[in-house]
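First the structure, in the form of structure tokens, and then the observations on it.
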Amino acid sequence: MEIRLTALLVAALLATPPAQAQDARMLPMAAPPEPGAIALHTGGVQGSAAPEAWFRQYGVAMTRNVSTATLTPFLPDPARASGAAVIVAPGGGFLMLSMENEGWRVARALADHGIAAFVLKYRLKPTPAGMPQFEQAVTAMFASAGRSDTRLRPDQAAAGLADPIADARAAFALVRGHAREWHIDPARVGMMGFSAGAMTTMAVAVTAPELRPAFIAPIYGSMEAVTVRPDAPPLFAVLAADDPLFARKGLGLIDSWQQAGRPVEFHLYGEGGHGFGLGKTGTTSLGWFDAFLRWLEMSGISTEPRPQSTLTAGQR
């Protein structure tokens, strides 16, 4: 029982529990429809034996044992399309993907603001078919997560992320290959990732600079320092001060971008924990998505008209 409870706790840290949901159990579910999902044809996963399986926790859908990568488009009304696009990588510790909370919901929100979004279901590490065994695997994998002495730089992690990086490469190629059809400017395609998806986003930026993402947005990911290229993309990063995995370990990532003279914006919220998706109710972390939209506009990446502030000059 202790192992099971620990696994549930770790899974909760990695996959966002919405505040209004209470059920921490991992409940198997039928695979949901994924309309429009496009296979990326990047191959399978070495050592994979169990089939892809879906489960629900905290009221949101998650998947594991992903061995076939896909990309699902969420396109805005063409009349509102800004020309910007974002590849969205959900998190889940490379053992699972929080598809609903850190994928579909985020993509719909982006499309609602004129930004084409593409949810990347990238390949994962194999896990046992049985749910109890899966929970034990989660426990073993993250037994030391959050300790102050556990550090992993994205450039070091990249060596073990060949599959997700290859999937991201294919995603960029697919999006740019359909740019005209999807009303996208190929030069304004960026990548956003949550937790493990943030690590994937950073690994892509570090190891595949030829992709030239218009921007990268690691959301509650590792803040470890990296080597920054002179042409590194603009960076938008978000973290909660009470994040149990990545807070209180310094802000080397932000320092790296500043020292390299590259554009960077960073939001540290007082509360929110880990895995808050679009924001945790009752905290200022709810503001990060609007800040991201305004940052895209300021950076000239997204040009959708937005309401002007009602503040007078004297109030600003």
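The values are calculated or read from the model by the stated rules, or taken from the named source; none is laboratory data. Source: prediction; values computed, not measured. Cβ placement follows ideal geometry from the backbone for every residue including glycine, while neighbour counts extend to all protein chains displayed. Areas reflect the complete protein model, heavy atoms only, side chains present, ligands, DNA and RNA absent. Shrake-Rupley method; radii C 1.70, N 1.55, O 1.52, S 1.80 Å.
Just need a number here: residues in region 246-271 that are in a loop (DSSP other than H, G, I, E, B) and aromatic (Phe, Trp, Tyr).
The number of residues fulfilling the criteria is 1.
Could you tell me which numbered condition LEU174 fails, if it satisfies all but one of (1) open to solvent by less than 20 Å² (accessible area, probe 1.4 Å); (2) within 20 Å of GLY36 (Cα to Cα); (3) assigned to a helix (DSSP H, G or I)?
All conditions pass for LEU174, except number (1).
In region 139-159, which residue that is modelled with pLDDT of 80 or more and over 18 Å from the mean Cα position of the chain (by Cα) is least open to solvent (accessible area, probe 1.4 Å)?
Filtering region 139-159 for residues that are modelled with pLDDT of 80 or more and over 18 Å from the mean Cα position of the chain (by Cα), the one least open to solvent (accessible area, probe 1.4 Å) comes out as ALA159.
Go through region 153-162 residue by residue and tally those that are farther than 15 Å from GLY193 by Cβ and part of a helix (DSSP H, G or I).
Selection size over region 153-162: 5.
Filter region 120-147 for residues that are of a type in the set (A, V, I, L, M, F, W, C), closer than 22 Å to PRO32 by Cβ and in contact with a Leu (Cβ under 7 Å, 6 or more places away or on another chain) and give the result.
Once the filter is applied, which keeps residues that are of a type in the set (A, V, I, L, M, F, W, C), closer than 22 Å to PRO32 by Cβ and in contact with a Leu (Cβ under 7 Å, 6 or more places away or on another chain), region 120-147 yields LEU120, LEU124, VAL138.
Can you find even one residue in region 183-191 that is more than 14 Å from the chain's Cα centre (by Cα), among the basic types (Lys, Arg) and outside any helix (DSSP H, G or I)?
No, the conditions are met nowhere in region 183-191.
Here is a check on your reading of the model: is GLU224 of a type in the set (Asp, Glu) and assigned to a loop (DSSP other than H, G, I, E, B)?
Answer is yes for this residue.
Residues are listed down the side, and each one gets a yes or a no for (1) within 24 Å of ARG294 (Cβ to Cβ); (2) among the acidic types (Asp, Glu):
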| residue | (1), (2) |
| --- | --- |
| ALA69 | no, no |
| PHE74 | yes, no |
| ASP77 | yes, yes |
| LEU97 | no, no |
| TRP104 | yes, no |
| ALA109 | yes, no |
| ALA129 | no, no |
| GLU135 | no, yes |
| ALA140 | no, no |
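Can you report the number of residues in region 76-115 which are more than 17 Å from HIS274 (Cβ to Cβ), of a type in the set (Gly, Ala, Ser) and without any contact (Cβ under 8 Å) to a residue 60 or more places away in the chain?
So the count comes out to 3.
Which pairs have Cβ atoms under 9 Å, sit 6 or more apart or on different chains, and link a residue in region 184-200 that is farther than 15 Å from PHE74 by Cα and open to solvent by less than 10 Å² (accessible area, probe 1.4 Å) to one that is in a helix (DSSP H, G or I) and charged (D, E, K, R)?
Pairs found: GLY193/GLU102; PHE194/GLU102; SER195/GLU102; GLY197/GLU102; THR200/ASP167.
What residue, among those in region 201-221 that are of a type in the set (A, V, I, L, M, F, W, C) and outside any helix (DSSP H, G or I), is most open to solvent (accessible area, probe 1.4 Å)?
Selected residue: ALA214.
Quick test for you: out of PHE236, PHE246, PHE292, pick the one residue that is open to solvent by 10 Å² or more (accessible area, probe 1.4 Å), aromatic (Phe, Trp, Tyr) and within 16 Å of the chain's Cα centre (by Cα).
Just a single option satisfies the conditions, and that option is PHE246.
Return a yes/no flag: does region 272-286 have any residue that is touching a Gly at 6+ places or on another chain (Cβ under 7 Å), surrounded by fewer than 23 Cβ atoms within 10 Å (Cβ to Cβ) and assigned to a helix (DSSP H, G or I).
yes
Specify the residue that is least open to solvent (accessible area, probe 1.4 Å); the eligible residues are those in region 34-52 that are over 9 Å from ALA69 (Cα atoms) and either out of contact with any Pro (no Cβ under 7 Å at 6 or more places or on another chain) or of a type in the set (Val, Ile, Thr) (or both).
The qualifying residue least open to solvent (accessible area, probe 1.4 Å) is VAL45.
Need pairs with beta-carbon distance below 8 Å; first residue under 15 Å from MET62 (Cα atoms) and within region 120-143, second of a type in the set (Lys, Arg); sequence gap 6+ or separate chains.
LEU124/ARG64; THR127/ARG64; PHE134/ARG64; GLU135/ARG4
Return only the number of the condition from (1) modelled with pLDDT of 95 or more; (2) within 19 Å of THR201 (Cα to Cα); (3) not charged (D, E, K, R) that LEU245 does not satisfy.
(1)
Just the residues that are over 10 Å from VAL228 (Cα atoms) and either in contact (Cβ under 8 Å) with a residue 40 or more places away in the chain or among the basic types (Lys, Arg) (or both), please, taken from region 249-266.
LYS249
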